[in-house]
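Here is the structure we will look at, set down as structure tokens.
What follows is calculated from the coordinates using simple rules that are stated; it is not laboratory data. Remember, predicted model here, so these are calculated numbers, not experimental data. All Cβ positions, glycine included, derive from the backbone under ideal geometry; neighbour counts span all protein chains shown.
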Amino acid sequence: MQHTVSPVGIVRSCFKEKFAIPRQPQLAPAARGVLELLPPFDQGDAVDGLEQVSHVWLLFLFHQALEEKPRLKVRPPRLGGNKSMGVFATRATHRPNGIGQSVVRLEGVEPGRLLLSGIDLLDGTPVLDIKPYVPYADTVADARNQMASQPPVAIAVQWGDAALAQAREHTLRLGQPVADLIEQCLAQDPRPAYQVPTPERVYGVKFWDVQVRWHYPQAQVIRVLEVVLA
Ligand code: SAM
């Protein structure tokens, strides 16, 4: 059976590239975005009642990871990228129909727009459906997952003096928690697990319209070097 789906909206996100996006939602509460609804859902009627809900499930398309050939096994970054597992045992982005799902906090509801936080979605992500989180049904007290039993271990994030001042300026300019976003995302250690960083190697990523650069002065420590307009 073939069935055509079309997006109900597009996410405008703080994340402008895949690198350094947390592996799951809720890991960076300062990660914000707006879901802009598309016609005919861009009217108040479509979101009527949603103001009574704190979180929503988003079903979306991994639009920057779509592939022609289905994979049976994938190498999840969580396992260092060197162990393969059945595609249905993982939340990897390479999926049969390219569908992702995230529970995100609903910060505000407006006709045609949902304000979101705690997202793990790339800018431009097409959203296929939105459903209210239902705590009694969606919270499973005795659930277990032996491959992902704990959240990722956070590493220390230190600020260079100039970098912190720059991040605070961009926080004020954008009206967004830029400094918190940087701390929360870098604490997840975005570096590919197989890479052993040297202190000389500088990493970078774009959040909103700013370029963040950092290095690893020692193992398990990140130092933010600068936060400048991209
Ligand atoms: N919570 C979702 C799930 O479980 O289906 C996504 C989990 S997936 C492991 C999270 C990663 O997806 C992020 O780190 C980011 O790099 C990637 N990602 C987010 N939006 C994407 C998009 N539109 N296209 C491709 N990759 C995306």
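Couple of notes before you dig in:
- Amide H to amide H distances under 5 Å link residue 226 with 213, where only residues 5 or more positions off or on other chains count and H is placed in the peptide plane.
- Net dipole in debye of the range 43-99 [+1 Lys, Arg Cβ; -1 Asp, Glu Cβ; about Cα centre; nearest 20]: 760
- Dipole size of the chain about its Cα centre, with +1 on Lys/Arg Cβ and -1 on Asp/Glu Cβ: approximately 1060 debye, rounded to the nearest 20.
- Residue 154 long-range amide H proximity, modeled H, under 5 Å: none
- For residue 14, the residues whose modelled amide H falls within less than 5 Å of its own, excluding neighbours fewer than 5 places apart on the same chain, are 32.
- Estimated [θ] at 222 nm from DSSP helical runs (n ≥ 4, -39500 (n - 2.57)) normalised by residues in the chain, nearest 500: -3500 deg cm²/dmol
- Three-way shape label, the chain, alpha-carbon gyration tensor, a/c 1.5: oblate
- Note, ³J(HN,Hα) from phi for the range 57-74, Karplus 6.51, -1.76, 1.60, rounded to Hz, x at Gly and Pro: 7, 10, 9, 9, 9, 6, 5, 9, 9, 6, 9, 6, 9, x, 9, 8, 10, 9
- Eligible aspartates and glutamates near residue 131 by straight Cα distance, threshold 13 Å, same-chain separation 8 or greater: 48, 51
- Prolate/oblate/rounded label for the range 102-230 (Cα gyration tensor, a/c 1.5): oblate
- Under 24 Å from the Cα of residue 16 - lysines, other chains or at least 8 residues apart: 206
- Taking a straight line from the alpha carbon of residue 83, these lysines sit under 18 Å away, with near neighbours fewer than eight places off in the same chain left out: 73.
- FRET efficiency for residue 82 and residue 42, using Cβ-Cβ distance with R0 set to 45 Å, rounded to 0.05: 0.50
- Table column - 3J(HN,Hα) (Hz), the range 89-102, Karplus curve with 6.51, -1.76, 1.60, x for Gly and Pro: 8, 10, 10, 4, 6, 7, 10, x, 10, x, 9, x, 9, 9
- Paramagnetic label zone (point 7 Å from Cα along Cα-to-C-beta, residue 211; backbone N under 18 Å) in the range 1-34: 15-20
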